[in-house]
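All remarks here apply to the structure that follows.
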Amino acid sequence: MRSSTRPKLWQLYGPRPSDRKTSFSEQGRLQCDVKLATFATRQRGKSFAQSADERNTSATVQAALEAAVQRHTFPKANVDVYCLILESGGADAAIAITAASLAIADAGIEMYDLVSACSVSRVGGQLLLDPTSDESHHEDAAVLMAMMPSVNLVTQLVMTGEWSNSSSKEALELCMGGCAQIDSVVRQCLQQAAVSS
Amino acid sequence: MCSHEELVYTREGFQLDVRGDGRNTEELRSIVLETGQLVQASGSARLKLGATDVLVAVKGRGGDELGAEFAKGLERSMYAGLTGRGGGLDLTALCVTSGKICWLLYVDALVLNMDGNVSDALSIATRAALSDTSIPSVEVQAAEDPNDEPELEVLDDNAVKLDITKVPILLSVSQVGQALAVDLTAEEECCTSAALQVAVNSKGQLCAVSQRGSAGINPGIMQEMMSKAQRLGPEIIAVLDSFLHTRSMALD
């Protein structure tokens, strides 16, 4: 998935049988792994092992998608989703979540709804939707929201920094609007892919 | 862990605002708090929230970079944005020589017994431990050669207490059926599908929010959860602060 200047690559494996050592579960397991390519950021990153930030992002993406995937349709099995961020340009986690949802839908795994996500940064009192990495470096506070727009459920919310009542409401509404916009684009994309294949 | 009938019984209780131990949905379990039992630590607190038992120790040591390490859930609540403005703890209080030497605070938490709501218990105990923490004053003697490291002498006499007025606590608000509740026991946690972990400071401002659990939350209910946390958080902090204040007066 390419979002203007922030290309990401998602690959999905599964459903496939889980390891023998994992206990029986009526629900399938969803595993997400996010990694930054070594050339993705200004400074060269590590090529092996995930950093703490990458593990954090992976956990956020996984939590955002768990509510949307119908895990009871693949009991005892694993769906493994791998993301490689080719260029980090800001709002990486939000784009990763949206792209993962697209990949899972494209793979034909049943979901309750598509998940779209976006972030808002507060820079000097102003709220910026879908910040670039330069903008987020100057932020005082941030929100990341992932939601299923058709069923109107929020699957992941992460807020950092100090927020007053009014500014938090404004930021959340901005995020919900952003998610709705992203959702319509994602749906068009899936329909086109289905028509052309 | 819980039978189906127990889950149904517990969920129905929540709708009627009555829980297994007689509390309503907005009450916390009784808290037993002790500070300062660990002599080797700069500050410590032992907290029991019902049967959940946690011990938090804060240790200071000389370090080369400005920063503090907390567990992930507490970390987000303490840190501000990337610029460093705002945030729960004033990190400039840890500075020895600006731009060169500072104290590194380590917060080590030990969970002694888990009976639900461990994250909230840890955050309250951490706040208590930080209030118990004193940073010794450091005398910096410049070496004769300006390129050498200056000599540092740690004086135990003029220790300065940390200012915790802006430190938030974590309050987890969980959804059980249609009801919203705080401070769930381990048994009650089986009935909940989604929870919002909200960090609130003494002024009722949101310091960090993160969603837990594997189900979605309706945006209207999410706003209600945040308002509930913003209302209950300052009340809990006020009770905690008055206890810590009377305790520090008694010790002086």
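The values are calculated or read from the model by the stated rules, or taken from the named source; none is laboratory data. Quick caveat: nothing in here was measured; it's all calculated off a predicted structure. Quick reminder, even Gly has a Cβ in these numbers, built from the backbone with ideal geometry, and neighbours come from all protein chains shown. Remember, those area values only see protein heavy atoms, side chains included, never the ligands or the DNA or RNA. Shrake-Rupley method; radii C 1.70, N 1.55, O 1.52, S 1.80 Å.
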Exposure of A:VAL158 as accessible area (Å², to 10), given a probe of 1.4 Å and all protein chains = 30 Å²
Exercise: per-residue mean of other protein chain Cβ atoms within 10 Å, B:127-138 = 0
message = Largest first and in whole Å, what are the equivalent-ellipsoid semi-axes of segment A:110-149 based on the Cα gyration tensor, each being the root of 5 times an eigenvalue?
response = 26, 9, 6
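Buried accessible area between A and B (1.4 Å probe, both chains summed, ligands and nucleic acids excluded), in Å² to the nearest 100?
Values: alone 11000 and 13770 Å², together 22430 Å².
Buried surface at the A/B interface: approximately 2300 Å².
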message = At a 10 angstrom cut-off on C-beta neighbours, averaged per residue, how do the peptides A:138-144, A:95-101, B:240-246, A:181-187 rank from highest to lowest?
response = A:95-101, A:138-144, A:181-187, B:240-246
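Around B:ALA179, with a cut-off of 12 angstrom between Cβ atoms, what is the net charge of the other residues, counting Lys and Arg +1 and Asp and Glu -1? All intermediate terms of the calculation are to be shown ahead of the outcome.
On the way: positive: B:ARG11, B:ARG19, B:LYS228; negative: B:GLU12, B:ASP17, B:GLU26, B:GLU188, B:GLU224.
Once all neighbours under 12 Å are counted, the net charge is -2.
Against the 2.2 N^0.38 Å scaling, with N counting residues, where does segment B:137-252 land? I'd like the Cα-based Rg ratio to two decimal places.
1.64
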ask   = Nearest 20 debye, what's the magnitude of the dipole of segment B:164-252 about its Cα centre given +1 on Lys and Arg Cβ and -1 on Asp and Glu Cβ?
value = 320 debye
note = Carbon plus sulfur, as percent of the 1.4 Å-probe accessible area of segment A:45-145, comes to 49 percent
message = Given a 1.4 angstrom probe, what's the average accessible area per residue across segment A:109-162, in square angstrom?
response = 36 Å²
